[in-house]
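Below: one structure, written as structure tokens.
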Number of protein chains: 2
Amino acid sequence: MSSTQMLKGILEGCLLAIMKEGEVYGYELAEKLNRYGFESLSEGTIYPLLIRMQKEKLVLTTLRKSTAGPNRKYYSLSEKGEKELNLFIERWNRLSVNVNQIVKNKGGV
Amino acid sequence: MSSTQMLKGILEGCLLAIMKEGEVYGYELAEKLNRYGFESLSEGTIYPLLIRMQKEKLVLTTLRKSTAGPNRKYYSLSEKGEKELNLFIERWNRLSVNVNQIVKNKGGV
DNA sequence: TCATTTGCCTTGCATTGCAAGATAGGTTTA
DNA sequence: TAAACCTATCTTGCAATGCAAGGCAAATGA
């Protein structure tokens, strides 16, 4: 099992959390996630996810000119996205409590 | 995104951790996980995973008679499984640190 | 004998993340 | 002006994970 397999489903919540503080564009998201410790997160992972989130209306987008390179597509949270973020945080907290119990006990119940 | 989507890849580590303390059989694992807070974890999830872990030689199995019902298949950690468990714990700790940073900041960097 | 409980397993599916590469605009250097 | 190199977005095709739905089998009790 690779490290990235553990990400499944968690990445969306992380993107929502980062957008919570303000607009970001895809390339920037990839850089921030790397700085947060998610190494080897490729654009082939992030862009399709952003597109899906746009279809689900969790995010709003606007195109802006870049200082260097092609236009940037900025993402920000919709109202629906804010609600989804709150749900994610609840789920994440429950999950980490459960896993920590198991890992720290190393078994039993 | 459903709650269970966040599990992807984490379940294997939890199974290894539970087996660390001693032999368990599949049905019992499902019950323990439920008590740990993983509700709605079905046998359609657990049994195929156990079979895969057996193929990968992470676990050893022995059949025993049940007090009520068909034979039980008991699982325990192999040496390889113990190593895998340690790797999982490292990865889990890194992941939860990263996600907590993002969720608690709610963005920035 | 028939329902219930315990216990294992299979099939087929949707979703997620990734590798690899295509496409484009801008700057720098030769 | 051409070559090289960043920045930036997107697509295709794949493997892995978890789940719903269901079947099979052994023991117990009504």
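Read-outs throughout are calculated quantities, based only on the coordinates presented, and are distinct from any laboratory measurement. Source: prediction; values computed, not measured. Here Cβ is always computed from backbone atoms with ideal geometry, including for glycine, and neighbour counts include all displayed protein chains.
Annotations for the structure displayed:
- In chain A, the beta carbon lying closest to the axis that superposes A onto B belongs to the residue given here with its whole-angstrom distance, A:K8, 1.
- Within the straight-line cut-off of under 15 Å between alpha carbons, the aspartates and glutamates reachable from A:K83 are A:E12, A:E21, A:E56, sequence neighbours fewer than 8 places apart in one chain being disregarded.
- Kirkwood Rh and Cα Rg combined as Rg over Rh, evaluated for the protein assembly as shown: 1.06
- Two-decimal Rg to Rh for segment B:3-105 - Kirkwood Rh, Cα set: 1.01
- Distance between the modelled labels on A:E90 and B:S76, one decimal in nanometres: 4.3 nm (7 Å Cα→Cβ projection).
- Rounded to the nearest 20, the size of the Cβ-charge dipole of chain A about its Cα centre is 140 debye, with Lys and Arg at +1 and Asp and Glu at -1.
- Helix-only arithmetic for the protein assembly as shown: the sum of -39500 (n - 2.57) across DSSP H runs with n ≥ 4, divided by the residue total, places the mean residue ellipticity at 222 nm at -18000 deg cm²/dmol.
- For B:V24, nonlocal amide neighbours, meaning residues 5 or more places apart or on other chains whose placed amide H falls under 5 Å from its own, are B:Y75.
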